[in-house]
Amino acid sequence: MKTKLEKEQEIEVLHREFEASPNALLVGFQGLKVADDERLRRELRGANVYYRVVKNTLAMRAAEGTPIEQVKDKFEGPTAVALSRENPVTLAKLLSKWAKESPAFSFRGAVVEGRAIDVKEIESLSNLPSREELLSKAMFLINATAQRLAVATAGVARNLTIVIDQVRAQKETKV
């Protein structure tokens, strides 16, 4: 059993993590096999996501004054918290994939960009394109526009050259 000091230190660590992360998903994992849990943790670590099983009473105290306070009533039963400082879409995609694969894995609550969202909205969030996909599409559109501009500009120069050549040929035939 942890001492009061150890519990206070854990609350402080959790509070700092909750404050620093505007994106969080609370998940239930009861019945998840150890091997699956280890695989999940590896995947999340690779995506720069902080994942931790929490003691509900400590997590509720740590949530005070943070965006996660909005969903602190969801800390019931075995609960884990997945936190992301950057991309909520990647977080939702990874955990939605796991929720589909494992019936033991369930969503309890979510905070995205500091705002609580309904569990049903997590699926919608996971269907959004990732930041990298959006950047790729934007770059394609910028490149396509620049390419069309270059073709149009080259066409004007080419047509001007043809007209000048025809005028020259016409003047030569008159002389």
How many residues does segment 7-46 contain that are acidic (Asp, Glu) and in contact with a Leu (Cβ under 7 Å, 6 or more places away or on another chain)?
3
Going through Val167, Val112 one at a time, which residue ends up being touching a Pro at 6+ places or on another chain (Cβ under 8 Å) and at pLDDT 85 or above?
Val112
Restricting attention to segment 83-139, and to residues there that are in contact with a strand residue (DSSP E or B) (Cβ under 6 Å, 6 or more places away or on another chain) and more than 19 Å from Val54 (Cα to Cα), which single residue is surrounded by the fewest Cβ atoms within 10 Å (Cβ to Cβ)?
Val119
So, in segment 52-109, how many residues would count as being closer than 21 Å to Arg16 by Cα and either among the basic types (Lys, Arg) or assigned to a helix (DSSP H, G or I) (or both)?
21
Run Asp37 past the list (1) surrounded by 15 or more Cβ atoms within 10 Å (Cβ to Cβ); (2) at pLDDT below 90; (3) in contact with a Ser or Thr (Cβ under 8 Å, 6 or more places away or on another chain) and report the number of the one that doesn't hold.
(3)
With the first residue restricted to segment 120-132 and required to be in a helix (DSSP H, G or I), and the second required to be modelled with pLDDT of 80 or more and surrounded by 13 or more Cβ atoms within 10 Å (Cβ to Cβ), Cβ contacts under 6 Å at 6 or more apart or on different chains are Ile122/Ala92; Ile122/Phe107; Ile122/Ala110; Leu125/Ala92; Ser126/Ala92; Ser126/Lys93; Ser126/Ser96; Arg131/Asn87
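Residues checked against (1) in the same structural domain as Glu113 (by TED's automatic domain parsing); (2) touching a Lys or Arg at 6+ places or on another chain (Cβ under 6 Å); (3) assigned to a helix (DSSP H, G or I); (4) closer than 15 Å to Leu91 by Cα:
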residue	(1), (2), (3), (4)
Glu12	yes, no, yes, no
His15	yes, no, yes, no
Ala24	yes, no, no, yes
Val27	yes, no, no, yes
Gly31	yes, no, no, no
Ala35	yes, no, yes, no
Glu38	yes, no, yes, no
Arg41	yes, no, yes, yes
Arg45	yes, no, yes, yes
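The values are calculated or read from the model by the stated rules, or taken from the named source; none is laboratory data. In this text the structure is predicted, and so the values were computed from the model without any measurement. Cβ atoms come from the backbone with ideal geometry, glycine included; neighbour counts cover every protein chain shown.
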